[in-house]
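The values are calculated or read from the model by the stated rules, or taken from the named source; none is laboratory data. In this text, all values refer to a predicted model and were calculated from it rather than measured experimentally. Ideal geometry is used to build each Cβ from the backbone, glycine not excepted, and the neighbour counts take in all protein chains shown. These accessible areas exclude ligands, DNA and RNA; they are computed on the full protein's heavy atoms, side chains included. Shrake-Rupley method; radii C 1.70, N 1.55, O 1.52, S 1.80 Å.
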Amino acid sequence: AELTIIVPALVYLHSTGFSVRESLRLHPVGWPVVGLSILLGLTLSFVASSVDTLSESFLPMPEDLRRSLESLLTMESMSDVILISLSLVFGAAVCEELFFRGFLQTALERTKGVRSAVVVSSLVFGIVHFNPWWFVSILFAGVILGIIAFVSGSVYPGIIAHGINNSLSLFIANATRWEEYTWVSDLETIPLPLAVASAVILTLGIIRLQRHKPPASDT
């Protein structure tokens, strides 16, 4: 399913002769950016979780649906670990970032400007997840990932941050079943001080990330 998002875009770029590297922002980054991207992923996860908690106070998810979604993330065997990790962490992070922050946002930046590109690509990102109860938090995450892609000039920081965010969600969904990790359930509702601190660090991290933007990505 994740491949169906990016494969048509790759076919289109190949058939039209557009540069895949430029269209998907495949600009390499250094280790300082990798480390910063991990931090951005962690703080984004905390802030997005807080946004989700706030939105669900107005539009709570039906309990039956919540249990169904949690069951999809539950890992009971090694095959579950491999399959779910590859799809949710690697597949989703890579394919979705390449399409939404690479292909779609880059194309929109050229025709509609950066702000419109980030907003529109994030709206589409939220809609294709087909979950109205998560729409606000996914939209928020999409905007942040869009900003990260633009200020860094590369799709890789977003892939890392997206993967970290999904990894943490997967860990929380499963760790509560292990006695030594029952404390993880407290992360399902982020304390306000942690949410505020994460928002500040996320903002400063994005500002810092912009300093590493490669000159070639300005054109």
Item to check | Choice from Ser19, Ser116, Ser37 showing the highest fluctuation, given a GNM over the chain with Cα pairs closer than 10 Å | outcome: Ser19
Next on the checklist: Please compute the per residue accessible area over the chain with all protein chains in place, 1.4 Å probe, rounded to a whole number of Å².
Outcome noted: 54
Item to check | Net charge of neighbours whose Cβ lies under 12 Å from the Cβ of Leu26, counting Lys and Arg as +1 and Asp and Glu as -1 | outcome: +1
Item to check | Formal net charge of residues neighbouring Tyr156 (Cβ-Cβ distance under 15 Å; K, R +1; D, E -1) | outcome: +1
Item to check | Within the chain, longest stretch free of exposed chymotrypsin sites (Phe, Trp or Tyr not before Pro) [DSSP loop, at most 12 other beta carbons within 10 Å] | outcome: 1-129
Checklist outcome for this item: Per-residue ellipticity at 222 nm attributable to helices in the chain (runs of n ≥ 4 DSSP H, -39500 (n - 2.57) apiece, nearest 500 deg cm²/dmol) works out to -21500 deg cm²/dmol
Checklist entry - Got a number for carbon plus sulfur as a percent of the chain's accessible area, 1.4 Å probe? => result 71
Item to check | Highest-fluctuation residue, Arg25, Arg101, Arg115 considered, GNM on the chain with Cα pairs under 10 Å | outcome: Arg115
Item to check | Cβ-derived FRET efficiency at R0 22 Å, Thr16 paired with Ser116, nearest 0.05 | outcome: 0.50
Checklist entry - Calculated FRET efficiency, Asn131 and Thr203, Cβ-Cβ r, R0 25 Å, to nearest 0.05? => result 0.40
